[in-house]
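The values are calculated or read from the model by the stated rules, or taken from the named source; none is laboratory data. Not measured: the values here are computed from a predicted model. Neighbour counts run over all protein chains shown; Cβ positions are idealised from the backbone, glycine included. All accessible areas refer to the heavy atoms of the entire protein, side chains included, with ligands and DNA or RNA removed. Shrake-Rupley method; radii C 1.70, N 1.55, O 1.52, S 1.80 Å.
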Amino acid sequence: MRAVTFKAPGEVLVEDVPEPEILHSADAIVRIEATGVCGSDLHIYHGRVRIEQGFTIGHEYVGTVIAAGDGVQSVKTGERVLGCFQTACGRCWFCRRGWFHKCDGSRTFGHGEALGSLQGTQAEQALVPNADLVLRRVPEGMSDDVALFAGDVMGTGYHAVVESGMRAGDVAAVLGLGPVGLCAVQVARAAGAAHVIAIDSVEDRLRMAESFGAQPVNLTDDDPRAAVRQATDGRGVDVCIDAVGHHEALDLALRLTRKLGVVQAIGVYAERAEVHMGLVWIKALHLCAGHANVIGHVDNVLAMMSAGLLDPSPLVTHHMSLDEAPEAYALYDRREALKIVLRP
């Protein structure tokens, strides 16, 4: 079968790889019909996250179950499904408390040996371990472009807001308006934020955030700190979501957040970053970080998308074939696309 594989920093290939096989009774095989190119994939593309040469990448997927082990009960062959970006065992100490993203046996699609050696989903087929926990049937009438977001990007935006403890009436800021940041804007508005300040330097992304009901603030042409002071009578936002994953964004988040407020760092951090602990301490900030508990949130996200409360479809700017993956990565790397959906 055809799959997108990592060759070297700045280079991916589309090549033939072996078809997946059922290895355990809880496994399923999904024929991929739509798969996304994600910001996390760019970290691999740039060499910031290291994986083995020839490994299949990608972790966002919608498709049809074409085989299932004897132990799989929640989905059947022939059903249209979406999947979460990582797996979990459902039995360990963390899973029993609903913290599936910290499962002792978690594996992440398309991230190489370091995260469980689970081949990715930018391929014609994918093996899905523990399918009952990882897969969900796509609700009737939901498009691939919408369903694709539930298992990662919208799920991550949802996690950022919910885990921050944001309450109706709060003022929130979102730093970085890639797909995750824009989804966080949507979720914050749906959750009752009185005001959302959306900060980025890309005008198209700022306009999209404004269409979702946020106040756009250009990072370079405007003054984010002045905008926050004006919107909050000088005290700072209740919640600031760092959807960038860079020390400068984190520092700005600390400065934009009010005393006793919450900074939620959902952007990917792969390196050391200095944190102004004096600022954290004197303001008594709550600093939260880490990737999203998508398995724990996916049913709520699907319900909100089915009801039309969340709609990620405007974020999809390009549809391309799987064979065009090298071009798609180059487009995304140049910020000429917001969200690319590949179709095998």
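When T5 is tested against (1) crowded, with 17+ Cβ neighbours inside 10 Å; (2) touching a helix residue (DSSP H, G or I) at 6+ places or on another chain (Cβ under 9 Å); (3) part of a strand (DSSP E or B), only condition (2) is not met.
For A273, the test of being more than 30 Å from V228 (Cβ to Cβ), open to solvent by 30 Å² or more (accessible area, probe 1.4 Å) and not hydroxyl-bearing (S, T, Y) is failed.
A residue that is touching a Ser or Thr at 6+ places or on another chain (Cβ under 6 Å), open to solvent by 10 Å² or more (accessible area, probe 1.4 Å) and either part of a strand (DSSP E or B) or modelled with pLDDT of 95 or more (or both) can be found somewhere in segment 175-184. Among the residues of segment 249-264, the one identified as among the small types (G, A, S) and closer than 18 Å to R167 by Cα is G261.
Of the listed requirements (1) assigned to a strand (DSSP E or B); (2) open to solvent by 30 Å² or more (accessible area, probe 1.4 Å); (3) within 21 Å of H159 (Cα to Cα); (4) not hydrophobic (A, V, I, L, M, F, W, C), H319 misses just one: (3). Restricted to segment 241-269, and to residues there that are open to solvent by 50 Å² or more (accessible area, probe 1.4 Å), hydrophobic (A, V, I, L, M, F, W, C) and within 18 Å of the chain's Cα centre (by Cα), the residue that is farthest from A227 (Cα to Cα) is V268.
Residues of segment 322-342 being out of contact with any helix residue (DSSP H, G or I) (no Cβ under 7 Å at 6 or more places or on another chain) and open to solvent by less than 20 Å² (accessible area, probe 1.4 Å), which ones?
Of all residues in segment 322-342, those out of contact with any helix residue (DSSP H, G or I) (no Cβ under 7 Å at 6 or more places or on another chain) come to 322-328, 330-331, 334-336.
Matches in segment 322-342: L322, A325, A328.
Here segment 322-344 is the region considered, the condition is being without any contact (Cβ under 8 Å) to a residue 12 or more places away in the chain and part of a loop (DSSP other than H, G, I, E, B), and the residue that is farthest from G10 (Cα to Cα) is E336.
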